[in-house]
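Undergrad: First, the structure itself, so that you have it in front of you.
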Amino acid sequence: MTRSRYKIVENKYPHFMTCTIVEWLKVFNTPSCVQIIFDAWNYARKNQGLQILGYVIMPHHLHMIARAPDLSKVMQSFKSITAKRIIEDVTNLGKEHLLLAFEDFKRTHKSESTYQVWQEGNHPQELTNEHMIRQKLDYMHSNPLRAGLVTRSEDWPYSSVRNYLGLESPFEIDKNWRGLE
């Protein structure tokens, strides 16, 4: 049985993706770790043609809707760069328990590195029309609400819902996805 359902086949369309920290460890509960994500996205925008149409960063995972000329390559680079920087950040913050968990998880799943930060894969789902994009945006934007982190979606600081509502946001998204239908 092939897994083509969860592979990026057509770069023309945006994809909904999920990136999860191993063992669902809470890494994105410090502004510095969240900034690592924003910096990596900005780098990929400038250098790899990445467009971010929507996102939410939760304590242990993130969802994003994105497209790029070679989205698979962008995501591989994104995970590699952010993993290295997350390891540096948690080391600087003295979060030894996270480093030990990253190392322990790596022993089970990888041999070419000391740590593993991200779970394998990103479960890409191709979004071929505006209805699908809106559906995934609604799902992402209500994630912090469903998790009980806020009482209103727009109160979560690390979500593109703030961009769509015209509120101040720490990351500017690409809103030029309309008209896909």
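Undergrad: Of the residues that make up the stretch 46-58, is at least one aliphatic (A, V, I, L, M) and in a helix (DSSP H, G or I)?
TA: Filtering the stretch 46-58 for residues aliphatic (A, V, I, L, M) gives 50, 52-53, 56-58.
Now narrow it down to the ones that are in a helix (DSSP H, G or I): none.
The answer is no; no qualifying residue exists.
Undergrad: Something else: Any residue in the stretch 113-130 that is surrounded by fewer than 13 Cβ atoms within 10 Å (Cβ to Cβ) and among the hydroxyl-bearing types (Ser, Thr, Tyr)?
TA: Let us first name the residues in the stretch 113-130 that are surrounded by fewer than 13 Cβ atoms within 10 Å (Cβ to Cβ), namely 114, 120, 129.
Okay, now just the ones that are also among the hydroxyl-bearing types (Ser, Thr, Tyr), so 114.
Yes, some residue in the stretch 113-130 is surrounded by fewer than 13 Cβ atoms within 10 Å (Cβ to Cβ) and among the hydroxyl-bearing types (Ser, Thr, Tyr).
Undergrad: Sticking with this one: Has the stretch 49-60 got at least one residue that is in contact (Cβ under 8 Å) with a residue 40 or more places away in the chain, small (Gly, Ala, Ser) and surrounded by 21 or more Cβ atoms within 10 Å (Cβ to Cβ)?
TA: Yes, the stretch 49-60 contains a residue that is in contact (Cβ under 8 Å) with a residue 40 or more places away in the chain, small (Gly, Ala, Ser) and surrounded by 21 or more Cβ atoms within 10 Å (Cβ to Cβ).
Undergrad: Answer yes or no as to whether residue 26 is modelled with pLDDT of 95 or more, part of a helix (DSSP H, G or I), charged (D, E, K, R) and out of contact with any helix residue (DSSP H, G or I) (no Cβ under 7 Å at 6 or more places or on another chain).
TA: On the way: modelled with pLDDT of 95 or more: yes; part of a helix (DSSP H, G or I): no; charged (D, E, K, R): yes; out of contact with any helix residue (DSSP H, G or I) (no Cβ under 7 Å at 6 or more places or on another chain): yes.
Answer is no for this residue.
Undergrad: Within the stretch 31-54, is there a residue that is of a type in the set (Phe, Trp, Tyr) and within 13 Å of the chain's Cα centre (by Cα)? Explain how you work it out, then say what you get.
TA: Step one: of the stretch 31-54, the residues of a type in the set (Phe, Trp, Tyr) are 38, 41, 43.
Next, only the ones that are within 13 Å of the chain's Cα centre (by Cα) stay: 38, 41.
Checking the stretch 31-54: at least one residue is of a type in the set (Phe, Trp, Tyr) and within 13 Å of the chain's Cα centre (by Cα).
Undergrad: Taking the condition of being in a strand (DSSP E or B) and under 13 Å from residue 51 (Cα atoms), how many residues in the stretch 62-75 meet it? Step through it out loud before you land on a result.
TA: First, pick out the residues of the stretch 62-75 that are in a strand (DSSP E or B): 62-67.
Still in the running and under 13 Å from residue 51 (Cα atoms): 64-67.
Adding up the residues that qualify gives 4.
Undergrad: Could you tell me which numbered condition residue 74 fails, if it satisfies all but one of (1) surrounded by 22 or more Cβ atoms within 10 Å (Cβ to Cβ); (2) within 21 Å of residue 155 (Cα to Cα)?
TA: Result: residue 74 fails condition (2) only.
Undergrad: OK, next. Are any residues in the stretch 77-107 under 26 Å from residue 55 (Cα atoms), of a type in the set (Asp, Glu) and either modelled with pLDDT under 95 or exposed (fewer than 15 other Cβ atoms within 10 Å of the Cβ) (or both), and if so, which ones?
TA: The one that is under 26 Å from residue 55 (Cα atoms), of a type in the set (Asp, Glu) and either modelled with pLDDT under 95 or exposed (fewer than 15 other Cβ atoms within 10 Å of the Cβ) (or both): 88.
Undergrad: Does the stretch 114-124 contain at least one residue that is out of contact with any Ser or Thr (no Cβ under 9 Å at 6 or more places or on another chain), over 21 Å from residue 174 (Cβ atoms) and at pLDDT 95 or above?
TA: No: zero hits.
Undergrad: One residue is enough: does the stretch 148-161 have a residue meeting the conditions at pLDDT 95 or above, crowded, with 16+ Cβ neighbours inside 10 Å, touching a Lys or Arg at 6+ places or on another chain (Cβ under 7 Å) and not in a helix (DSSP H, G or I)?
TA: Looking through the stretch 148-161, none of the residues is at pLDDT 95 or above, crowded, with 16+ Cβ neighbours inside 10 Å, touching a Lys or Arg at 6+ places or on another chain (Cβ under 7 Å) and not in a helix (DSSP H, G or I).
Undergrad: From 86, 8, grab the single residue that is among the β-branched types (Val, Ile, Thr) and touching a Ser or Thr at 6+ places or on another chain (Cβ under 6 Å).
TA: 8
Residues checked against (1) free of Cβ contacts under 8 Å to residues at least 40 places away in the same chain; (2) of a type in the set (A, V, I, L, M, F, W, C); (3) part of a helix (DSSP H, G or I):
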residue: 77; (1), (2), (3): yes, no, yes
residue: 87; (1), (2), (3): yes, yes, yes
residue: 91; (1), (2), (3): yes, no, yes
residue: 101; (1), (2), (3): no, yes, yes
residue: 106; (1), (2), (3): yes, no, yes
residue: 128; (1), (2), (3): no, no, no
residue: 137; (1), (2), (3): no, yes, yes
residue: 171; (1), (2), (3): no, yes, no
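Undergrad: Further, regarding this structure: When you scan the stretch 94-114, do you find a residue that is within 19 Å of residue 39 (Cα to Cα) and of a type outside the set (Asp, Glu), even just one?
TA: no
The values are calculated or read from the model by the stated rules, or taken from the named source; none is laboratory data. None of these values were measured; they are calculated from a predicted model. Every residue, glycine as well, gets a Cβ built from its backbone with ideal geometry; the counts of neighbours run over all protein chains shown.
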